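Note sheet for the following structure.
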Amino acid sequence: MEKLLAGYIEKFLNTAAENLNKTQSVTTGNLLDSLDFEIEPTRTGYVIKFTALDYYKFVDKGVRGAGRSGKNNTSPYKFKYITPSKSHITAIEKWIIRNRLTATRSDVNRYGRTGRERKAIDPTKGRRTLAYIIAKSIKKDGLYETGFWSDAFEETFKDFGVKMSAALGKTITVDLKQMAEQVQSKKGVKIPT
């Protein structure tokens, strides 16, 4: 029974990782590395606990922008302010460095001025300006929904009840919506036996 559960969960996490890679949502790999699970036997069955960095839900469901129009109007999450924080700008700046992007004067002219540019763009200042412009755009327009987690969950567990019933020799009814909510609550998914 535990092997069957572990097989499902590993398939789910592998599918989630594949979905992340397909949507090109991996930059540092921290989210991928954080995907894990633990199975705890109880008197009445098992409890499955999933671990992932807290921001997985923003990548999965997307985030609505703080501006009037956005890329994602169905997300339960929303940016409150258009102005990016220093940590957001720093994170984007690290992404720019990892991807070896450079800011040119034409980029600054095309995508907006912050009032801090000089005639000759110093690579560090230009990178910081570009990071600010990108971060402000993200906060204004929001982030697209990737569905990496929820799509993997639905795909992997669609026949879970049938397979569990066959393994146990008795009928088990599985409510995928309730299971998905338990996963997101981080309290663990209860599987009766």
*Considering every residue within segment 94-116, establish whether at least one is modelled with pLDDT of 85 or more and not in a helix (DSSP H, G or I).*
no
_For segment 33-45, give me each residue that is free of Cβ contacts under 8 Å to residues at least 40 places away in the same chain, over 18 Å from Asn14 (Cβ atoms) and not in a loop (DSSP other than H, G, I, E, B)._
Pro41
_Checking the structure you have, find out if any residue of segment 23-32 is touching a residue at least 40 places away in the same chain (Cβ under 8 Å), more than 19 Å from Ala135 (Cα to Cα) and surrounded by fewer than 19 Cβ atoms within 10 Å (Cβ to Cβ)._
yes
*asked:* Taking the criterion of being of a type outside the set (D, E, K, R), surrounded by 19 or more Cβ atoms within 10 Å (Cβ to Cβ), farther than 21 Å from Tyr8 by Cβ and out of contact with any Cys (no Cβ under 9 Å at 6 or more places or on another chain), would at least one residue in segment 46-59 satisfy it?
replied: yes
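The values are calculated or read from the model by the stated rules, or taken from the named source; none is laboratory data. Computed from a prediction, not measured in an experiment: that's the story for all the values here. Glycine also receives a Cβ, built like all others from the backbone with ideal geometry; neighbour counts cover every protein chain displayed.
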